[in-house]
1. Out of all the residues in region 36-55, is one or more outside any strand (DSSP E or B), at pLDDT 85 or above and under 19 Å from residue 145 (Cα atoms)?
2. Just need a number here: residues in region 86-98 that are more than 14 Å from residue 42 (Cα to Cα) and surrounded by 15 or more Cβ atoms within 10 Å (Cβ to Cβ).
3. Looking at residue 130, is it touching a helix residue (DSSP H, G or I) at 6+ places or on another chain (Cβ under 9 Å), free of Cβ contacts under 8 Å to residues at least 60 places away in the same chain, at positive phi and not charged (D, E, K, R)?
4. Does residue 146 count as under 15 Å from residue 40 (Cβ atoms) and not acidic (Asp, Glu)?
5. Output the residues belonging to region 109-168 that are part of a loop (DSSP other than H, G, I, E, B), out of contact with any Leu (no Cβ under 7 Å at 6 or more places or on another chain) and basic (Lys, Arg).
6. All but one of (1) at pLDDT below 90; (2) surrounded by fewer than 16 Cβ atoms within 10 Å (Cβ to Cβ); (3) under 22 Å from residue 153 (Cβ atoms) hold for residue 21, so report the exception by its number.
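The values are calculated or read from the model by the stated rules, or taken from the named source; none is laboratory data. On a predicted model such as this, the values are computed, not experimentally measured, just so you know. Here the Cβ positions follow ideal geometry from the backbone for every residue, glycine too, while neighbour counts run over all protein chains shown.
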Amino acid sequence: MTESDSTVRSVYIWVCEGTWRASVDAALNLAPAGASFTLLHVSSGEAPEAARGAYAGLLGRAGHDPGNRLAELAEASAGELLEAAARRLGRACEKIEIQTQGHAERTVVSASAQADLLIVARDGDQARLGPKSLGKTTRFVVDHAACPVLLVWPRAAPGVSSIPPPPPHPPGPQDPQAPQAPQAP
């Protein structure tokens, strides 16, 4: 960030398991002085719902539903993660925790729509540079965010030698191996 980035007043940090430290550190190192911070954690309610469905399908409706317990554990874990991120940030911040039944990526895009900057960490293949370094959810957020996105590596970035070779191209008209067009008589 530079001196001209004074328009960045509101920084959202998407807090995800496994990558949140890199996102918080990037905010500390790169966000302009005076920016306000919001820690955003989005949990999908799909796992508790799947547990409820599996339990009901296997054992009927009697007994203790494991989906409720799973939802409680997820909520506690999200709260602990936000608290850890707030401690690492070491500054006043807002904490937003959203439990969604829909797609988490759409919720992140909607929740960060009013931000001046969204900080996101890569969550895919960390061994090489390229599009596979983004998971499906993160790719959607990067492609659809309504604000600028700062994309960071959760660990040291791999070297440029990790870029795969370019795909083969069909022979062009100047290529000596290209089939020649028949000559008109």
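1. no
2. So the answer is 4.
3. yes
4. Taking the combined requirement at face value, the residue satisfies it.
5. 128, 155, listed by residue number.
6. (1)
Conditions tested, residue by residue: (1) within 17 Å of the chain's Cα centre (by Cα); (2) at pLDDT 95 or above; (3) within 22 Å of residue 30 (Cβ to Cβ).
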{"site": "108", "(1), (2), (3)": "yes, yes, yes"}
{"site": "118", "(1), (2), (3)": "yes, yes, yes"}
{"site": "129", "(1), (2), (3)": "yes, no, yes"}
{"site": "133", "(1), (2), (3)": "yes, no, yes"}
{"site": "145", "(1), (2), (3)": "yes, yes, yes"}
{"site": "150", "(1), (2), (3)": "yes, yes, yes"}
{"site": "165", "(1), (2), (3)": "no, no, no"}
{"site": "173", "(1), (2), (3)": "no, no, no"}
{"site": "177", "(1), (2), (3)": "no, no, no"}
